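See below for the structure under consideration.
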Amino acid sequence: MIHSLFLINCSGDIFLEKHWKSVVSQSVCDYFFEAQEKAADVENVPPVISTPHHYLISIYRDKLFFVSVIQTEVPPLFVIEFLHRVADTFQDYFGECSEAAIKDNVVIVYELLEEMLDNGFPLATESNILKELIKPPTILRSVVNSITGSSNVGDTLPTGQLSNIPWRRAGVKYTNNEAYFDVVEEIDAIIDKSGSTVFAEIQGVIDACIKLSGMPDLSLSFMNPRLLDDVSFHPCIRFKRWESERVLSFIPPDGNFRLISYRVSSQNLVAIPVYVKHSISFKENSSCGRFDITIGPKQNMGKTIEGITVTVHMPKVVLNMNLTTTQGSYTFDPVTKVLTWDVGKITPQKLPSLKGLVNLQSGAPKPEENPSLNIQFKIQQLAISGLKVNRLDMYGEKYKPFKGVKYVTKAGKFQEDVGGDFFSIGEYHLTAAHCNSKGRKLQ
């Protein structure tokens, strides 16, 4: 399936390559570089590129491009999912998926790629299986390996590889048995100038951190599971029970994993917590313009909106800006033409505003397009879609584990209208802290 893999940094340097069959020349990446030059942003590079003899399927993660070379037609999403698994594995092993971390652990990287793909086809992609095959790097293990000449490759085949539950290793033991679930949601939204929602959708995932001894059998139920559309499951989920009862029943992998991903497509369920009123105007045959922005709470459900930052990409003819703010501080970069307003918290009694003059290049024509807006903020202890975990039940083991849930909502990626009629929610965090003393404890 996958013939070769190239890792490329933002500078366009190929710093690592892996071939599972015959060697493919680096020149095949020239097609990728051409598409990258045409894209307005690094995240807008086409994920599938057709060349005369190959297909290039890529993802962009942590300022790195993972570019795979395919010689025959395969489902692109299958390859994209595998590339994300590779990036997640590097993150799990090294703490970060960066060029420096990969170069520092290049031997382990090649060992992992050799185990994850067999002759171009995915083999072992579960984290707990890989950690039995390839030991994670530690300072002590690195010293011992350098002295003895040994490697991180395990001596025995993982027990999970030989069972009908390949995602969980046998003989797991913990002193403290814990099960945590993170409900992470991303909002895609377009808001018009009057504050009305033009488009809104939630993409969500439930990530789990399971540290339970033995072979527990878990059942996770929700108060309102009918909210979820297009649910995608980890292989451990029993699909028939979800279909009949809307309950997640599974024997979990050991450690961190993604339990499900889902979508909430009903627009009336997406509450937008803030509104922005803005007036940005430029005069004909004039070297100045007016700038006026006000932010206020909309549907914050009684919670304080904090950590607010507004980013405005001004036209290229703007030289500088003389503004006055009632709250927070602002900066304007004359090179990138980006205005950043750090607002902080919103108090309904006094709405933050930023207003003043915009100075343009002398003799320059009036900008044809008004700038787009991007907002970042946080709301503590609030889940925006209304999805709530009801309870977690465990069978098959006699001990009583500690169980908890955390909710996080943030903005997803979507197109911004640059005509002045829309603003976008950019890095949108609504957080409910962990359970127990910091949040709600599961039953």
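The table that follows gives values for the structure above.
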| read-out | value |
| --- | --- |
| Helices (runs of 4 or more DSSP H) contained entirely in the range 85-153, each with at least 3 residues that are at pLDDT 85 or above and outside the structural domain of Cys236 (by the TED database) | 99-104, 106-116 |
| Number of positions in the range 241-293 that are in a loop (DSSP other than H, G, I, E, B) and within 30 Å of Tyr93 (Cβ to Cβ) | 4 |
| Residues being open to solvent by less than 40 Å² (accessible area, probe 1.4 Å) and assigned to a loop (DSSP other than H, G, I, E, B) - total across the range 294-326 | 4 |
| Hey, Asp188 modelled with pLDDT of 85 or more, surrounded by 15 or more Cβ atoms within 10 Å (Cβ to Cβ) and either within 18 Å of the chain's Cα centre (by Cα) or outside any strand (DSSP E or B) (or both) or not | no |
| So Phe78, is it under 21 Å from Ile108 (Cα atoms) and either open to solvent by less than 20 Å² (accessible area, probe 1.4 Å) or out of contact with any helix residue (DSSP H, G or I) (no Cβ under 9 Å at 6 or more places or on another chain) (or both) | no |
| Residues of the range 63-82 satisfying the condition of being β-branched (Val, Ile, Thr) and in a loop (DSSP other than H, G, I, E, B) | Thr72, Val74 |
| Only listed residue being open to solvent by less than 20 Å² (accessible area, probe 1.4 Å) and over 26 Å from Phe233 (Cα atoms), chosen from Phe6, Phe15 | Phe6 |
| Count of residues meeting criterion [farther than 27 Å from Glu73 by Cα and in contact with a Lys or Arg (Cβ under 6 Å, 6 or more places away or on another chain)] in the range 98-131 | 1 |
| Considering residues of the range 364-393 that are surrounded by fewer than 19 Cβ atoms within 10 Å (Cβ to Cβ) and either at positive phi or touching a helix residue (DSSP H, G or I) at 6+ places or on another chain (Cβ under 8 Å) (or both) only, the residue modelled with the highest pLDDT | Gly386 |
| Residue within the range 167-179 that is within 19 Å of the chain's Cα centre (by Cα) and open to solvent by 30 Å² or more (accessible area, probe 1.4 Å) present | no |
| Residues that are surrounded by 18 or more Cβ atoms within 10 Å (Cβ to Cβ) and touching a residue at least 60 places away in the same chain (Cβ under 8 Å), drawn from the range 229-250 | His234, Cys236 |
| Search result, residues across the range 40-62 that are surrounded by fewer than 12 Cβ atoms within 10 Å (Cβ to Cβ) and part of a loop (DSSP other than H, G, I, E, B) | Ala40, Asp41, Pro52, His53 |
| Residues (among the polar types (S, T, N, Q) and either under 14 Å from Leu392 (Cα atoms) or surrounded by fewer than 16 Cβ atoms within 10 Å (Cβ to Cβ) (or both)) located in the range 195-228 | Ser196, Thr197, Ser219, Ser221, Asn224 |
| Residue selected from the range 327-346 under the condition free of Cβ contacts under 8 Å to residues at least 24 places away in the same chain, of a type outside the set (Gly, Ala, Ser) and not in a loop (DSSP other than H, G, I, E, B), by the criterion most open to solvent (accessible area, probe 1.4 Å) | Thr331 |
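The values are calculated or read from the model by the stated rules, or taken from the named source; none is laboratory data. Bear in mind that the values here come from a model prediction, so they are computed numbers and not experimental data. Every residue, glycine as well, gets a Cβ built from its backbone with ideal geometry; the counts of neighbours run over all protein chains shown. Protein only, heavy atoms only, side chains kept; ligands, DNA and RNA dropped before computing areas. Shrake-Rupley method; radii C 1.70, N 1.55, O 1.52, S 1.80 Å.
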